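**Student:** Submitted below is the structure of interest, expressed as C-alpha cells.
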Amino acid sequence: MINFNHYEIILASQSPRRQQLLKDMGFSFKVIVTDADEVYPKEMPVIEIPVYLAEIKANAILNELKENTLIIAADTIVAIGNKVLGKPRDEADAFDILRQISGRMHKVITGVCLKTALKQKSFFAESNVYFRYLSDEELYYYITNYKPFDKAGAYGVQEWIGYVGIERIEGSYFNVMGLPTQMLYKELINF
C-alpha cells in the first residue's frame, strides 16, 4: 500500500459505510460531520449532483485545513432517469422509493472531492443496479427490519434486500455502498 501517513486525513461524512470502507482500505482518519446544506440547483444534470454536493461538504470544513491535511468528502445519489431518489422521510416514502426501483435498473452515482490546502480533485463513479421485481410484502419486510432511512434510494446493497433483490450490478459494488474504493485509491495515488 502507498503510504499516506504524511497527511492527516479527514473524512467529511457521517456514513458508517464510508467510514468502514475507508478503514478497511487501511487508512487512519478522523471524521468531521458537516452541517452544510446539501442543496443543488434544480436544473443541474443528475450526473453532476454528487460531485457538487461532495465539494460543498469539503468546503464546509475548510477551517480544519492545515498544510498536511487531506479532506475526503463524498456524496451518493440514486437516480432513475433524471429523477433523484433521496433518503426516505418515513416508511411510506421508503416504500414509494423502493417500489420505483423494483423490477428496474437505476443508477448509483457517488461524487468524491479530495482537498488539501494547495489543490482539489473531484471525480465520480457510476454503477447501474438491476433489481428483480419485489412484492409489497418483501418491501415492507425490508423497511420494517432494516429501517433504511439514512440511505439514498432507501436501501443498502449490503443488507437483506441486496442479497435477494439485486440481479446484477454494472460497475463498482463499493460505489453502490457509498464509496468507489478502487477509483478513490487510484486518484489518491495520482493526487
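The values are calculated or read from the model by the stated rules, or taken from the named source; none is laboratory data. As the structure is a prediction and not an experimental result, all values here were calculated from the model. For neighbour counting, all protein chains shown are included, and Cβ atoms are generated from backbone atoms with ideal geometry for every residue, glycine included.
**Student:** Would you confirm whether or not segment 89-99 contains a residue that is free of Cβ contacts under 8 Å to residues at least 40 places away in the same chain, within 16 Å of Gly156 (Cα to Cα), crowded, with 16+ Cβ neighbours inside 10 Å and over 14 Å from the mean Cα position of the chain (by Cα)?
**Tutor:** Looking for residues that are free of Cβ contacts under 8 Å to residues at least 40 places away in the same chain, within 16 Å of Gly156 (Cα to Cα), crowded, with 16+ Cβ neighbours inside 10 Å and over 14 Å from the mean Cα position of the chain (by Cα), one finds none in segment 89-99, hence no.
**Student:** With the structure loaded, tell me whether Val39 is aliphatic (A, V, I, L, M), at pLDDT below 95, over 30 Å from Arg104 (Cβ atoms) and exposed (fewer than 15 other Cβ atoms within 10 Å of the Cβ) or whether it fails that test.
**Tutor:** Spelling it out, it is not the case that Val39 is aliphatic (A, V, I, L, M), at pLDDT below 95, over 30 Å from Arg104 (Cβ atoms) and exposed (fewer than 15 other Cβ atoms within 10 Å of the Cβ).
**Student:** I'd like to know if segment 117-131 contains one or more residues that are under 24 Å from Glu8 (Cβ atoms) and either free of Cβ contacts under 8 Å to residues at least 12 places away in the same chain or touching a Gly at 6+ places or on another chain (Cβ under 6 Å) (or both).
**Tutor:** For segment 117-131, residues under 24 Å from Glu8 (Cβ atoms) and either free of Cβ contacts under 8 Å to residues at least 12 places away in the same chain or touching a Gly at 6+ places or on another chain (Cβ under 6 Å) (or both): present.
**Student:** Pick out the one residue from Ala73, Ala58 that is farther than 24 Å from Ile161 by Cβ and touching an Asp or Glu at 6+ places or on another chain (Cβ under 8 Å).
**Tutor:** On inspection, the qualifying residue turns out to be Ala73.
**Student:** Follow-up. How about segment 123-174: which of its residues are surrounded by 13 or more Cβ atoms within 10 Å (Cβ to Cβ), acidic (Asp, Glu) and under 16 Å from Ile97 (Cβ atoms)?
**Tutor:** Selection gives Glu138, Asp150, Glu159.
**Student:** Go through (1) touching a residue at least 24 places away in the same chain (Cβ under 8 Å); (2) polar (S, T, N, Q); (3) more than 25 Å from Val51 (Cα to Cα) and name the single condition Asn145 misses.
**Tutor:** Every condition holds for Asn145 apart from (1).
**Student:** Given the condition of a type in the set (Ser, Thr, Tyr), in contact (Cβ under 8 Å) with a residue 24 or more places away in the chain, closer than 17 Å to Gly178 by Cα and not in a strand (DSSP E or B), answer yes or no: does some residue in segment 52-63 qualify?
**Tutor:** yes
**Student:** Taking Arg17 and the conditions (1) touching a residue at least 12 places away in the same chain (Cβ under 8 Å); (2) closer than 18 Å to Leu188 by Cα; (3) basic (Lys, Arg), which numbered condition does it fall short on, given that it satisfies the others?
**Tutor:** Going through (1) touching a residue at least 12 places away in the same chain (Cβ under 8 Å); (2) closer than 18 Å to Leu188 by Cα; (3) basic (Lys, Arg) one by one, Arg17 breaks only (2).
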